[in-house]
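Working notes, structure below.
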Amino acid sequence: MNKISIVAVAATALSLTACEASVKEEGEMPSMDVEVSGDAGSLPEIDVETADIEVGTEEVTVDVPDVDVKMPSEQ
């Protein structure tokens, strides 16, 4: 489960840093009349292009060396 968390965090970080956002239209603050009503204003239009990410799995066999540990004898 720990490996899955690391992969998920890495994929999220990559997807957030690998995108380009360009503002098409600036937003504006609403003008408010406190006593009656106000103009709602508008949100900015933003075009976001994200990177193409392909995720998959691959089964790999890893050779692990044989290690012999010799403990020092007690005197």
Note to self, the chain gives a 222 nm [θ] from helices alone (DSSP H runs n ≥ 4, -39500 (n - 2.57) apiece, / all residues, nearest 500) of -7000 deg cm²/dmol
FRET efficiency (D52, N2; Cβ distance; R0 25 Å; to 0.05) is 0.35
Among (i) 0.98; (ii) 1.46; (iii) 0.94, the value of Rg/Rh (Cα atoms, Kirkwood Rh) computed for this structure carries the label (ii)
GNM on the chain, Cα springs under 10 Å; top mean-square fluctuation among E28, E49, E58 goes to E58
Per GNM of the chain with C-alpha springs under 10 angstrom, the most fluctuating residue out of V48, V62, V23 is V62
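Values quoted throughout were computed directly from the atomic coordinates according to the rules given, and no laboratory measurement underlies them. Nothing here was measured: the structure is a model prediction, and the numbers come from that model. Don't worry about glycine lacking a Cβ; one is built from the backbone with ideal geometry, like all the others, and counts go over all protein chains shown.
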